[in-house]
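Written below as structure tokens is the structure these notes are about.
The values are calculated or read from the model by the stated rules, or taken from the named source; none is laboratory data. What you are looking at is a predicted structure, and each value in this text was computed from that prediction instead of being measured. Neighbour counts are summed over all protein chains in view; Cβ atoms, including those assigned to glycine, are modelled from backbone coordinates with ideal geometry.
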Amino acid sequence: MSTDIDYQRVADESSLADGGLLSVSLDGGERVCLARVGGEVFAVRDRCTHAEFPLSDGSLDDEYQLECCLHGAVFDVRDGSVTGPPAEDPVTTYAVKVEDGGIWVGPPKG
Ligand code: FES
């Protein structure tokens with residue numbers, strides 16, 4: 001169970017439009033890709049598990065599918081699972097919340 005102290009504000013809510021992707025950095029330097037679908041915000045590690053390319057350079061559709069633009073691997077931003085090759089390993093997802101006009105990222109899930 002995470003507490004508020006586990007979350008850090010990484011962006012203004014207004015900086016991420018629906019269907020958009022945004023790369024942010026956590027305190028420890030880890031890059032996280034924010035993704036917004038249907039008003040809901042998700043957060044995944046900003047490194048494709050295929051060859052480490054930034055997922056935030058890819059594209060997001062309205063079915064929660066994030067496509068890496070380097071070789072076309074597809075991940076579901078809701079749980080990080082692989083839904084299209086060539087990636088084989090899921091991408092790490094993070095707890096995220098929208099509060100006080102900001103987007104807050106918490107600990108990695110799972
Ligand atoms: S680095 Fe993402 S599909 Fe190859």
Search result, residues across region 69-98 that are surrounded by 17 or more Cβ atoms within 10 Å (Cβ to Cβ) and in contact (Cβ under 8 Å) with a residue 60 or more places away in the chain: 94, 96
Check on residue 19, at pLDDT below 95, away from the ligand (no atom under 16 Å from the Cβ) and exposed (fewer than 14 other Cβ atoms within 10 Å of the Cβ): no
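I need the full set of residues from region 98-110 which are closer than 21 Å to residue 13 by Cα and not in a strand (DSSP E or B), in order please. Full working, then the answer.
Keep residues of region 98-110 that are closer than 21 Å to residue 13 by Cα, which gives 98-108.
Within region 98-110, 100, 101 meet the criteria.
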So residue 46, is it within 16 Å of the ligand (Cβ to nearest atom), without any contact (Cβ under 8 Å) to a residue 40 or more places away in the chain and within 8 Å of the chain's Cα centre (by Cα): yes
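Regarding residue 108, is this residue within 14 Å of the ligand (Cβ to nearest atom) and within 12 Å of the chain's Cα centre (by Cα)?
Spelling it out, it is not the case that residue 108 is within 14 Å of the ligand (Cβ to nearest atom) and within 12 Å of the chain's Cα centre (by Cα).
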Extreme residue, nearest to residue 54 (Cα to Cα), among residues of region 72-97 that are within 15 Å of the ligand (Cβ to nearest atom), touching a Phe, Trp or Tyr at 6+ places or on another chain (Cβ under 8 Å) and part of a loop (DSSP other than H, G, I, E, B): 91
Region 49-68 - residue that is surrounded by 19 or more Cβ atoms within 10 Å (Cβ to Cβ) and part of a strand (DSSP E or B) and, of those, nearest to the ligand (Cβ to nearest atom): 66
